[in-house]
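Enquirer: Right, I'll just put the structure down here and ask away after.
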Amino acid sequence: MERRTATSLLGWGVLLLFVAPLCAGFLGTLLPAFGLVPGLAETEGFSVLFADARFWPAVRLTLQTGFLATALVMVLTIVCLVCVQRTRVWRWVLASLPPLLAVPHAALAVGVLFLITPSGWVARVFSPWLTGWERPPDFWVAPDAEGMTLVLGLVVKEFPFLLLAALAQLPSLNVEASLSIGRTLGYSPARCWSRLILPQLYPRIRSTLLIILAFNLSVVDMALLLGPGNPPTFSVFLMSLVNDPGMRAAASAGALILALGVFASFVGLYGLEQLISLWAKARRANGRRGATLNRWRGVGVGLVSAVLLFSVLGLVMLVLWSFTRRWRFPDALPQQWSAAHWATRSDVLVQPLVLSVYFAIGTMVLAIVAAVVWLELERLNRVPQINSVWFIPLLVPQVTLLFGWQAVALLMGADGHWLTVLYSHWVYALPYVVLILATAWREHDPAWHHAANTLGGGYWRVLSRVHMPLLAKPLCQAAAVALAVSVAQYLPTLLLGAGRYQTLAIELVTSFGGVDRRVIAALALMQSLLPLLAFFAALIVPWIIMKPRARAWQR
Amino acid sequence: MRTNTRKKTAKSLLFSLLATLALSLPTAHAIEPDSDWTAVVEEARGQTVYFNAWGGSDRINSYLQWAADNLQEQYGVTLKHVKVGDIAEVVGQLEAAKQVGRNEDGNVDLMWVNGENFAAMKRNSLTWGPFADNLEHTNIVKDSPSIQFDFSVPVDGLESPWGGAQLVFIHDTAVMDEPPQSAAELLTYVVGGARFTYPAPPAFHGTTLIKQFLIELTDNPEALAKPVDAATFDEVTEPLWVYLDTLHPELRGKGKSWPNSGEATRQLLDDGEVDIALSFNPNEATAAVRSGQLPDSVRTYVFRDGTIGNTHFVTIPWNASAKAGAMVVANYLLSPEAQARKANPDYWGDPTVLDLTRLNEEDRKAFTDIDLGVWALPIGSGKVLPEPHASWAEALEQAWIERYGS
């Protein structure tokens, strides 16, 4: 009984460590917003915020970019499922998903910019032979004032995320059966999808869509790189307030409004969902069979290929620019190549890399340990199954939690400490790790344990020799995701680290305005390579672990 | 005085309910701004100095890395460059720390400031004390008004000079052979189709450019040397807004989308998206051409009647953890060795604050040997205009944001 209590306390300890900063962050934002923190924020911040000329333009811009990007992600995902499956492109789509998911937002944003500015690669490739442009055109700029550059960046990055979530659900939906039944009844494939499959699929990817919507409405790093500056998006506007001591209350008030806005958007999305489902229900029974998909299939395939090609080209741009010496408009490739900046600028490249690796490995180890502890205790019935709590950091805007967390850290004198930064990375990585491992842990056949126990294996022996190796694949995947999440963290590192920890994410964003484009490319490339290597390792390592066992089995 | 040697007596990390909590017990500071220099150097050995400085230029970042290596070797001081986007944010953090009473163990030991940020620090007593007059190298610094008065605010030894700067324009002779020589000419050029843009204030280069425009356009230039008077602000600045109202629709981005730094305009010049770039470094073009970031055909110039110039400084906050170390760093940054490297466009190209006549032959040669190249602002060609009083920066920035920022 004693041990039972002790171990379940361990589980609750893990959960408390996870929840405490979320509560502290919330209170640390709530109280200053109402001016209740002496010394930090003594008068309420809402009136200051509403009086600021940038408030409404920033709100409008945020809603515009956030909703447009989310809608486009949803449309692209559906188009991809309906049009691209069972074509030759499909294999390439599947192959491109994991690397595109692994690449951090900021790095991809840099790649996108290298493509789409008036002097970017897309214009270069077609100039001057097709366009006649000897100099870059001047009828658009990127980033643009309406935030379309940001929308593009968000779509390119979030589309693979939603697609992957949808793909994970398809096997349980029996798509083939639905399609063949529908077709037997004479419905076109597009109608089979819209009437039979999508209504089942949507509820299963709703949580992912909400995460994407929340992210699109509150992102900071990508908005700094791709968003307009005057006015900026709402989160970026709040970032400009939070470091102004007289503005802490206003910044906190804004962070609360952002959280409420995101929540209201969830409700709005739910309402929209209901309307669409009413409309779809009426349509479903109208009996029309619809034309064939063939006409539109080509367009869909083209669209999806273009988006994916765009991301991949963005990454190629990072490689090209990092090895460039001279490359002017309108040349499609650099005039002079050089690997020199990799060597001469190693002083500004190596330190951030090392720091990112430290935080990533720390985050990975701590997140895996915490998740395994929690899920093991859950399996042993020492703690209950909890799913919703892990979603909190993914659904609440980072700005909202981190402003408060920073305020608390500031009051406690813990800001600028590496442990605080590591702690924040852990909080943001743990949800993904738990959610990935939970399925594997819960579906793991208990017969393995019984068999191993019967053979005389104790708890630890069974865990380390049977359970963990069998789950090596999800464990490695979760570890890779934890590493990718840590490497991409901009806001926690900046706010809680007091700017002292120049990781790749920080270095890339803060120095973007001024640094040599070739160094920017090198930084972004390194920030992309870390998670890519991790995902590659996640494919290889389980195979290496299982190989000798499989051989023994065959013998 | 061994016992006075600063060391963290206890550093215990507690995982509390709320966050990781790092408790540092208060430590005694033996060093005062006027302490004996040998005592400062002795105390500094082993200290880590967090230097908060704008990190938007990789050349500057590399220069500081070089300085860090030398400081470690010569003084046993570890210099950590904390790269910031806008030093005003750090001033804000210090004000917040002051409000919550964090008077010890601050996060910032040394910071790169001037102008309105220094004025704000001085006003709110965020500086430590007159350490600058106590540095070993103070006696080789120039006697110049911009070193004694930072944007008209008396320096009083609260900050130590680091380098000089002047607003300059870089143009590509292959595209534009005879660039505009005044604000008025610039407008004519831009309306006539020349490509131009500037970083939106409060970005440093943007604020400086509109101050430059104001100096040229206002009917009341003597008002700029004094603190802003709310009663006359509109009258003094009216010509500026009329000018910008005409200029903005003609800019790259139509006055709705702006580059975020002066360096970004340099990149846009290389891309061909603008015809004139802004810089605050008369030698930046040389460095950029040599490293392959600008074409050989660029040249640097200033307007016919001159452009704004100033001095930038380093200062130590009142709650710095490593004050002795920070003094050693400030002093090293003034050494002929460090200043000569900084003046070299291959590394940075920032004009020195030293009086070359006060150096010995060998040290002077290190400066005169520097090849500034044809791309830099020709020496002696740029008339320097004084900065308006520090209060103008914020007032202009706010007025600009109200008009064009949303």
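Enquirer: Kirkwood Rh, Cα Rg: Rg to Rh for region B:308-406?
Expert: Rg/Rh for region B:308-406 comes to 1.08.
Enquirer: Which order results if A:Glu42, A:Glu158 are arranged by neighbouring Cβ count within 10 Å, fewest first?
Expert: Starting with the residue having the fewest Cβ neighbours, the order is A:Glu42, A:Glu158.
Enquirer: A further question on this structure: So which lysines pass the test for B:Lys323, namely a Cα distance under 22 Å, with those fewer than 8 places away in the same chain ruled out?
Expert: Answer for B:Lys323, where 22 Å is the Cα cut-off: B:Lys7, B:Lys8, B:Lys11, B:Lys80, B:Lys83, B:Lys98, B:Lys122, listed by chain and number.
Enquirer: Still on this structure, I have one more. For a quick check: with amide H placed at 1.01 Å from N, whose amide H comes under 5 Å from B:Ile308's, ignoring anything fewer than 5 positions away on the same chain?
Expert: Residues meeting the criterion, in which the H sits 1.01 Å from N, are B:Leu167, B:Leu385.
Enquirer: As a check on your grasp of the helix formula, calculate [θ] at 222 nm for chain A: sum -39500 (n - 2.57) over DSSP H runs of n ≥ 4, divide by the residue count, round to the nearest 500.
Expert: -23500 deg cm²/dmol
Enquirer: Can you give the % of DSSP beta bridges in chain B that are antiparallel, to the nearest 5?
Expert: 70
Enquirer: Okay, next question. Compute the Cα gyration tensor for region A:1-119, then decide on rounded, prolate or oblate, letting a ≥ b ≥ c be the square roots of its eigenvalues: rounded whenever a/c is under 1.5, prolate when a/b is larger than b/c in the other cases, and oblate in all that remain. Mind showing how you got there, number by number?
Expert: Details: a/c = 2.85, a/b = 1.25, b/c = 2.28.
Taking the square roots of the gyration eigenvalues as a ≥ b ≥ c, region A:1-119 is oblate.
Enquirer: Step through the residues of region B:271-286 one at a time and calculate ³J(HN,Hα) from phi using the Karplus curve (6.51 cos²θ - 1.76 cosθ + 1.60, θ = phi - 60°), rounding each to whole Hz and writing x for Gly and Pro.
Expert: 6, x, 7, 9, 9, 9, 10, 9, 8, 10, 10, x, 10, 4, 4, 4
Enquirer: In addition: So which trypsin sites (Lys or Arg not before Pro) in region B:299-406 are both in a DSSP loop and have at most 12 other Cβ atoms within 10 Å of their Cβ?
Expert: Sparse-neighbourhood loop trypsin sites (Lys or Arg not before Pro): B:Arg304.
Enquirer: Place a +1 charge on the Cβ of each Lys and Arg in region A:44-338 and a -1 charge on the Cβ of each Asp and Glu, then give the dipole magnitude about the Cα centre in debye, rounded to the nearest 20.
Expert: For this selection, approximately 1460 debye.
Enquirer: For chain A, what's the relative contact order in percent, using C-alpha pairs closer than 8 Å and at least 6 residues apart?
Expert: 24
Enquirer: Calculate the translational D of chain A in whole µm² s⁻¹ from Stokes-Einstein, where the hydrodynamic radius comes from the Kirkwood formula applied to all Cα pairs, the temperature is 25 °C and the viscosity 0.890 mPa s. Walk me through the numbers before you get to the answer.
Expert: Numbers: Rh = 25.5 Å.
The estimated diffusion coefficient comes to 96 µm²/s.
Enquirer: If you keep only loop residues by DSSP, which chymotrypsin sites (Phe, Trp or Tyr not before Pro) in region A:130-202 have at most 15 other Cβ atoms within 10 Å of their Cβ?
Expert: Those satisfying the criteria are A:Phe139, A:Trp140.
Enquirer: Return one quarter of the surface area of the convex hull spanned by the alpha-carbon atoms of chain B, equal to its mean projected area, in nm².
Expert: Answer in nm², one decimal: 21.5.
Enquirer: So, one more: Would you work out the Kirkwood radius for region A:44-338? I mean one over the mean of 1/r across all pairs of different Cα atoms, in Å. If you can, show how the numbers build up before the last one.
Expert: On the way: mean 1/r = 0.0468 Å⁻¹.
Roughly 21.4 Å, rounded to one decimal.
Enquirer: Is region A:228-319 best put as rounded, prolate or oblate by its Cα gyration tensor, with a ≥ b ≥ c the root eigenvalues, rounded for a/c under 1.5, and otherwise prolate when a/b is larger than b/c, oblate when not?
Expert: The shape class here is oblate.
Enquirer: Take the alpha carbon atoms of region A:441-498, find their radius of gyration, then divide it by 2.2 N^0.38 Å using N residues; give the quotient. If you can, show how the numbers build up before the last one.
Expert: Details: Rg = 17.6 Å, N = 58, 2.2 N^0.38 = 10.3 Å.
In units of the 2.2 N^0.38 Å rule of thumb, it is 1.71.
Enquirer: Now, a different point. Residues of A:114-121, mean number of Cβ from any other protein chain within 10 Å of their own Cβ, rounded to a whole number? It would help to have the intermediate numbers written out before the result.
Expert: Working: counts 0, 0, 0, 4, 5, 6, 1, 0.
Per residue, the average neighbour count from other chains is 2.
Enquirer: Could you tell me the center-to-center distance, by alpha carbons, between region B:328-385 and region A:183-212 in angstrom?
Expert: Taking the Cα centre of region A:183-212 as reference, the centre of region B:328-385 is 69 Å away.
Enquirer: Separate question: Please name which of A:Val151, A:Val103, A:Ala190 has its Cα lying farthest along the dipole of region A:44-338 towards the positive end, using unit charges on Cβ (Lys, Arg +1; Asp, Glu -1) and the Cα centre as origin.
Expert: A:Ala190
Enquirer: Still on this structure: What whole-number distance in Å separates the alpha-carbon centres of region A:7-60 and region B:230-291?
Expert: So the separation of the two Cα centres works out to 38 Å.
Enquirer: On to the next question. Top mean-square fluctuation among B:Thr173, B:Thr232, B:Thr315, Gaussian network model of chain B, C-alpha springs under 10 Å?
Expert: B:Thr232
Enquirer: What does the charge dipole of the protein assembly as shown about its Cα centre add up to, to the nearest 20 debye, if the Cβ of each Lys and Arg holds +1 and the Cβ of each Asp and Glu holds -1?
Expert: That gives the protein assembly as shown a dipole magnitude of about 6560 debye.
Enquirer: Here's another thing I want to ask about it. Could you put B:Ile379, B:Ile140 in order, starting from the residue whose Cβ has the fewest other Cβ atoms within 10 Å?
Expert: Working: B:Ile379 9, B:Ile140 20.
The order, fewest Cβ neighbours first, is B:Ile379, B:Ile140.
Enquirer: Helix-derived [θ] at 222 nm for chain B: sum -39500 (n - 2.57) over DSSP H runs of at least 4, divide by residue count, nearest 500?
Expert: After summing the helix terms and dividing by residue count, I get -11000 deg cm²/dmol.
Enquirer: Now, a different point. Spelling out what I want: for every residue of region A:421-433, take phi, set θ = phi - 60°, compute 6.51 cos²θ - 1.76 cosθ + 1.60 (Karplus), and round to whole Hz; glycine and proline get x.
Expert: Karplus-based 3J(HN,Hα) across region A:421-433 equals 5, 4, 4, 5, 4, 4, 4, 7, 8, 4, x, 4, 4 Hz.
Enquirer: Follow-up. Please average, across the residues of B:87-96, the number of beta carbons from any other chain that are within 10 Å of each residue's own beta carbon, and give a whole number.
Expert: Mean inter-chain Cβ contacts per residue within 10 Å come to 5.
Enquirer: Among B:Ile210, B:Ile370, what is the fewest-to-most ranking by other Cβ atoms within 10 Å?
Expert: So the residues, fewest neighbours to most, are B:Ile370, B:Ile210.
Enquirer: OK, next. Per-residue Cβ counts within 10 Å, from other chains only, averaged over A:325-331: what number is that? Present the calculation step by step, with values, prior to reporting the outcome.
Expert: Values: counts 3, 5, 3, 5, 4, 1, 0.
The shielding value for this peptide is 3.
Enquirer: Can I ask one more? From Cα pairs below 8 angstrom and at least 6 apart in sequence, can you work out the relative contact order of region A:44-338, rounded to a whole percent? If you can, show how the numbers build up before the last one.
Expert: Details: 332 pairs, mean separation 101.9, N = 295.
That works out to 35 percent.
Enquirer: Right, next: Under 20 Å Cα-Cα from A:Lys547, which lysines qualify once same-chain neighbours fewer than 8 residues away are excluded?
Expert: In chain and number order, the partners are A:Lys473.
Enquirer: Right, next: Give the whole-number value, in cubic angstrom per residue, of the convex hull volume spanned by the C-alpha atoms of the protein assembly as shown.
Expert: Hull volume over Cα atoms, normalised by residue count, gives 201 Å³.
Enquirer: Please check: in the Gaussian network model of chain B (C-alpha springs, under 10 Å), which one of B:Gly164, B:Gly56, B:Gly115 has the largest mean-square fluctuation.
Expert: Of B:Gly164, B:Gly56, B:Gly115, the most mobile in the Gaussian network model is B:Gly56.
Enquirer: Based on the alpha-carbon gyration tensor of region A:403-555 and its eigenvalue square roots a ≥ b ≥ c, which shape applies: rounded if a/c is under 1.5, prolate if not and a/b is larger than b/c, or oblate? Before the final figure, lay out the partial values.
Expert: Working: a/c = 3.87, a/b = 1.87, b/c = 2.07.
The shape class here is oblate.
Enquirer: Which lysines, if any, have their Cα less than 19 Å from the Cα of B:Lys383, not counting same-chain residues under 8 positions apart?
Expert: Candidates past the 8-residue exclusion: B:Lys142, B:Lys211.
Enquirer: If you don't mind, another one. Give me a comma-separated list of calculated 3J(HN,Hα) values for region B:53-62, in order, Karplus coefficients 6.51, -1.76, 1.60 applied at θ = phi - 60°, integers in Hz, x for any Gly or Pro.
Expert: Along region B:53-62, the couplings run 9, 3, x, x, 10, 5, 5, 5, 4, 5 Hz.
Enquirer: Also, quick follow-up: Please report the antiparallel percentage of DSSP beta bridges with both residues in the protein assembly as shown, rounded to the nearest 5.
Expert: Values: 30 of 41 bridges.
Among the beta bridges of the protein assembly as shown, antiparallel pairing accounts for roughly 75 percent.
Enquirer: With +1 assigned to the C-beta of every Lys and Arg and -1 to the C-beta of every Asp and Glu, and no other charges, what is the dipole magnitude of chain A about the Cα centre in debye, to the nearest 20?
Expert: In total the dipole reaches around 2400 debye.
Enquirer: Turning to a different aspect of this structure: Between B:Met327, B:Met121, B:Met176, find the one with the highest GNM mean-square fluctuation for chain B; connect C-alpha pairs within less than 10 Å.
Expert: Of the options given, B:Met176 has the highest mean-square fluctuation.
Each value in this text was obtained by applying a stated rule to the coordinates, not by laboratory testing. These figures come from a predicted structure and were not determined experimentally. Neighbour counts are summed over all protein chains in view; Cβ atoms, including those assigned to glycine, are modelled from backbone coordinates with ideal geometry.
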